[in-house]
Structure formats: C-alpha cells, structure tokens
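The values are calculated or read from the model by the stated rules, or taken from the named source; none is laboratory data. Because the structure is a prediction, the values reported are computed rather than measured. Counting neighbours? That spans all protein chains shown, and the Cβs are built from the backbone with ideal geometry, glycine included. For the accessible areas, the whole protein counts, side chains as well, though only heavy atoms, and no ligand, DNA or RNA atoms are used. Shrake-Rupley method; radii C 1.70, N 1.55, O 1.52, S 1.80 Å.
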Amino acid sequence: MPRRFGRRLGTWLGIAAMVGLAPLWAAEPPQRDTGRGDRMIANYFRVETQKLQEACLTDALNSADWSSKREEYRRQLLEMLGLDPLPPRTDLQATVTGRVEHEEFFVERLHFQSRPGLYVTANLYLPRNLQGRAPAVLYVCGHGASKKDGVSFGNKVSYQHHGAWFARHGYVCLTIDTLQMGEIEGIHHGTYRYKMWWWLNRGYTPAGVEAWNCVRALDYLQTRPEVDSERLGVTGRSGGGAYSWWIAAIDERIKAAVPVAGITDLQNHVVDGCVEGHCDCMYMVNTYRWDYPLVAALVAPRPLLLSNTDRDGIFPLDGVVRTYEKTRHIYDLYKAGDKLGLHLTAGPHRDTQELQTGAFLWFNRHLKNDADPINKPAVKFFEPEQLKVFEQLPQDQRNTEIHESFVPAAEPAQVPADAAAWESMRDAWRTALLEKSFRAWPAETCSLDAARALTADREGLHLEAWDFTTQAAIRLRLYLIQRSGLDKADAAVLNVLDDQAWHEFLAALRPAFEPELASESLPPADEAAFGRIAETLRNSSRVLAYVAPRGAGPTAWDQSEKKQTQHQRRFYLLGQTLDGMRVWDVRRAIQALRSLECVGGIPLSLESKRTAAAVALYAALFEPTIARLDLRDLPRTHRDGPYLLNVQRYLDMPQAVAMAAENSDVVIHQSDAAGWEYPGAVVKQLKWDAQRLQLRQPD
C-alpha cells in the first residue's frame, strides 16, 4: 500500500472522538437481554468440547503409534504444568521437627523445600518393627482445612487416617500438605476467586506446584532407608485425586496409582459445569488442547485404579466412565487390561470407607502381592496439634507468592542490532503466539457466510449491518455508516468495541436509527454525538465500521460475576482465552469488511480503547495491510490484559507494538509515554519511518 494512504488516514486521527464516542454515562448502562449470548456461548462450548473429545487418543491405532508419541505427550504435559524444563533439584533441606507415637506406628513431623523457600509440610507414617525396606505410598491431600484460632494445621490432619492405615499394614506413607490449606497457606483460587487472570499469560497453574512438590516428595522418600524405591505408589482424594494422576503421568517411579474422586473429562467440566466447583489446582494450562483421558493414558501400563462414587456432583459418574473407557484402549494396546481398574461405590463426594478399601486392596495387590481381605478400618488417632510441623512459620517462605515466580516470565527484550536480528526475534515471537497463545484458532477457516441484516438511510447517512460467521457457533454483526449515495469509499476505519464503547455507539446512532436498533437495549440518545458523526461523514468518502467481539455488545452473556468468571475459565480449559478468541473475531471482522464491495481494497485502519485496543493490535499482526492503528488507553503490560495463554513467557505488550509498527502506523493515545520506550527504540534503531510509532495526548 502506498504510504500516502497512511498519511491520509493520519489526518483522520481520532474519528471515534470526533463523532462523540467518548464516555457518556452518569448512570449504569441499561439492562440487557443476554439470551442470545447465553445460547451462543453454551453452543460454542459444546462444539469445542466435542472436537477435543473426539480427537482424544484417536491417533493411537496400535502400540507402535502410541510408543512414538508417548514421550512427546509427557513433555507437553510437563510444559502445561509449567515444568518444562524441570526446575533444578535443589537441596531438599529436609528437617524432622518432632515425632508422635502410636503402639503400631509412629509419625515424624517434617518439612522439605521443593525449591528454595517453597516449603512442603508433611507427616511420615512409619510401621514399628519394620523388617527390611517397605513399599511406600505418597498420600496427597484434597481440600480439607484444619484451623483453630486462625492457625492452620494443614489438610494432612484431615486425611491422617489414610496414613495411619498404611502404616498399620506395613507401608511407609508420606502425607504432604498442599499449597492451599497447608500450614503455610498459598493460593489455589487465582482465577476462581481473585481475578488473577494474568496467571494465564504466564502459563501458571497451581497444579504445577502440586506436581513438582510430589516429584520432590518421591525424591525424599528415596532417601529414607525404610523405603523400597522400586515399590512407590500414590493416592489422594478430590484435589489429591487430581495430583495423583499428575505425578503418576509424569514420573514413572510411581508403580501403582489410585486417584480417588479427582478425575473426569472435559464434557463434565466445560459443558456440564463442573468447573464451577473446582479451583485452579485441578487444571493444567491446556496449551495442547487435551481431553483428560490422555493424562490417565500416560500412566499405562502401570497399575491405575480410577475410584469414584456414583453421585459425585463435581466428578460425575458418566465422565469417570468415559475416561476409563478411553484409557482402557491404551492399556489394551499393552495387553495390560488387568492393570486398569474402575472402582465405584455408592455416595456423594465424600471420603468413605468403601472408597478407601478399594485403594488399600489395589496397593496390597500391586505393591505387596497380597490378596488378603481388609480387616481394619481407617481411623484418626491424633489431635491436629500433634501433627503440626512448624511452631513458627519460616520467614523465607515463598509459598504465599509462588505464583509470581514458579513459571518465569520472558526477560525484557533487547533492541535488535540490525534488520536480521529483528527478523529473527519477530519470527520467534510470531511462532510462539501461534503455537502457544492462539493454538485454538480454527485450523480450517469456515465461510464468512456474510448476510445483510439491515439497511437504512436517514438524515444524509446510510447505515447497514452484516452478520458473519467467525467460527462454528459464533456469529457476529458488523455495522457500517457512510454518507448516503456513496458508491466507493476511499478509506475505512474499523472500531473494535468493548461493552462501554458499544453503549456509546448505540447512544450516538439512536437519534436517527432507533427503529433499526430496536432489538438492542438502547441507552439514552446522544444528539451531540450523532451530530458529530453526521458532520464527519457527509462531506467525506469514508466508511466507519463497528464490531463487538463475542461476549460484548449484542452477544453479551450472563453479566453476573460468577458466570463471567466461570465462562472465562471454561475458555482456558479448552486451551483458549476469551481475549484470544476475540482477536480471532476481529480478524474475521476485517476479512468480512474487506469482502464487501463498498470497501474492497481501500486502506483500512483499526481503532479501539482499553483492553479492546490490545485485541485490535494483535489482530493487526495477523492480517495484511492494516494502514493504521489508533489505540487509546492501551494496557502497557499483559498483566493488565488482555489475557492470552502463555504470552508473557515470550513477550509483552511493548514487543507486540514494535511488531505492529513494522507494517502499520501505530498511534498510542495516552497521557504519558512510559512503557513504550522499547518500540520507540526499535523504530529508531532500524530507521523505520518515524510515523510508524506516534505517542499522543488523549483527545
């Protein structure tokens, strides 16, 4: 595109401000009927989940197929847990702080550091009069808080009866606290409760911390003279059930595993809504878009028992059975069907004796070659205070802030020395974005199926709207405004709208086009804004276009805080983020706009505000010949949004701006230039046209 078109677009700076699309509201926006959005997003989640469900384990046609892929799958799982590469195995600094006695066994109170400052508090159950080395079971706890007067004793206290049973039957059992509800209370609820959506940018999940703590717990068990390192098992219930299958999948030192009430499939989590009952420790960052039977399959051919009740509301029976059936296919490839079991008992989501008995029998069979019946129940023997490890919590603990450092962010980018260095950096970032952040974009682009939805001429302006398909189950509306009678425009501006901007758009158009917008919940008319639109367009050959990506404007869904949170979590279970798929929506809107005869090959610019400005920025990186970007209140870092899977492991917003400035004029409207030094330095170093990056005061 000739550069003069970019200059001409520069004279149209601030179109949204010129036409009055600035904050208008003194009152709350009007209430909306979200039925369209609710139906659309529910259907979308069904369609996307079914894709992953149907693809899961279908490439394992025989044992050779599976063997050729197995190690790569394990590497992918480690990456999705934030463990690729594995952290250094630093000194555990294991410390025994006390001992509790029972006539059949004793318990050591201890702690170790899985990473410097990341403390794991634990109880080690040891049989008395042990002859030789014994099999050992790692018991990982679910969410069973034990606190008095604000002091946490760790959830190991709630699950002490399991360790006691193992010790009374000749096992060594190490019961470890989890990050949340341990003696040092970390966080599992970053996205569930605390709006720490930046966890997604970093590729962080507390499931990774729990998995790593389990790896180091096995390291510790192997240092103990009482333990037979060739006979290690793992079990746990609820959250502990999930951690059981993480460690069994990634560490082959585990010779038998029993995840109890901690494993089901994406259909239960995403479509049936079980995600709403689970915190973040239950999920890997699903970069490679797995359904969960693939995790269980990585345990094969080692003994694995899936144990559950028949009325568990957060691990429903149908999903457990589907997971078992898919996993059984892999065990059959190994001719090891007898090593996979499904144990079902009656009851809700509760730690019952019936469930415990199944786990005990499984370990007896596979770690001790013992088929005798169980004749002792699992019993709690100790008061919480007796099992507490620390008298005072260590000052150097990092548990409470481990989410800040567990998965490292990318180092600040260096200014490239020359064009070749820049191209290498740019291409690496682009590849990372496509493979790690936007992997869920459709591999095969469906038809836009653009259809005119309305048209009207009033007061010298022409309004029309086009519906188009962005991907299966997602259909959006693109609005165009121009002067009446305009045959061929000479430039177009696509405004990407968030909810606030959508309401401003409706207010500005209502004075002339209320009948055409009657299907929307209309705010009060803004006559002044409409007047500015009319004045801008009546004497020009421009087209102003507007689109609200999914979940904003006309496709907004349930606005309650709970639904907004849980829908965003559903996206990341599918290997997506809402913002990442909104980038796709903007790309498709650009394609739809260019497909219209009135626009054709004319210069196209993008304009947006706030987080939506960053969505537009990323769309421009993957669509050719965007002449100009006008970005208002653009977040300076992804920590403030938008939230894109894994993005900060590779780059941050300044690098994205530099990438856009290579091909488009980028105008950032903000009160100060802080944060944009890097793209400015790139433009200067590579001697790009100074117009490529402009920093301007807000209008």
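One table, with the values for the structure above:
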{"read-out": "Carbon + sulfur, % of accessible area of the chain - ligands and nucleic acids excluded, 1.4 Å", "value": "49"}
{"read-out": "Whole-Å distance, taken between Cα centres, linking the range 228-259 and the range 461-512", "value": "55"}
{"read-out": "Protection-proxy order for peptides 407-413, 64-70, 576-582, each taking the mean of Cβ atoms within 10 Å per residue, highest first", "value": "576-582, 407-413, 64-70"}
{"read-out": "Set 156/388; 147/563; 255/339; 51/326; 326/436; 255/335 screened for pairs whose C-alpha atoms are more than 19 Å apart", "value": "147/563; 326/436"}
{"read-out": "Chymotrypsin sites (Phe, Trp or Tyr not before Pro) within the range 376-412: DSSP coil, no more than 13 neighbouring Cβ in 10 Å", "value": "none"}
{"read-out": "Relative counts (whole %) of C-alpha pair distances in the range 374-523, using bins that are 10 Å wide", "value": "7, 18, 18, 16, 16, 12, 8, 4, 1"}
{"read-out": "Those GluC sites (Glu not before Pro) in the range 411-483 that DSSP places in a loop and that have at most 10 other beta carbons within 10 Å", "value": "444"}
{"read-out": "Reachable lysines from residue 687, criterion Cα separation under 29 angstrom, eight or more residues apart if same chain", "value": "609"}
{"read-out": "Lys, Arg +1 and Asp, Glu -1 on Cβ, resulting dipole of the range 58-211 about Cα centre, debye, nearest 20", "value": "160"}
{"read-out": "Options 540, 282, 77, ranked by Cα towards positive dipole end of the chain, top entry (Cβ charges)", "value": "77"}
{"read-out": "Given charges at beta-carbon only (K, R positive; D, E negative), |dipole| of the range 29-125 in Debye", "value": "440"}
{"read-out": "For the range 263-409, the Rg and Dmax computed from alpha carbons only, in angstrom", "value": "18.9, 52"}
{"read-out": "Qualifying aspartates and glutamates (Cα of each under 18 Å from Cα of residue 380; at least 8 residues distant if same chain)", "value": "101, 103, 104, 108, 177, 351, 354"}
{"read-out": "GluC sites (Glu not before Pro) restricted to the range 51-108 and DSSP loop, no more than 10 other C-beta within 10 Å", "value": "103"}
{"read-out": "Selection from 599, 484, 686 lying farthest towards where the dipole of the chain points positive, charges on Cβ", "value": "686"}
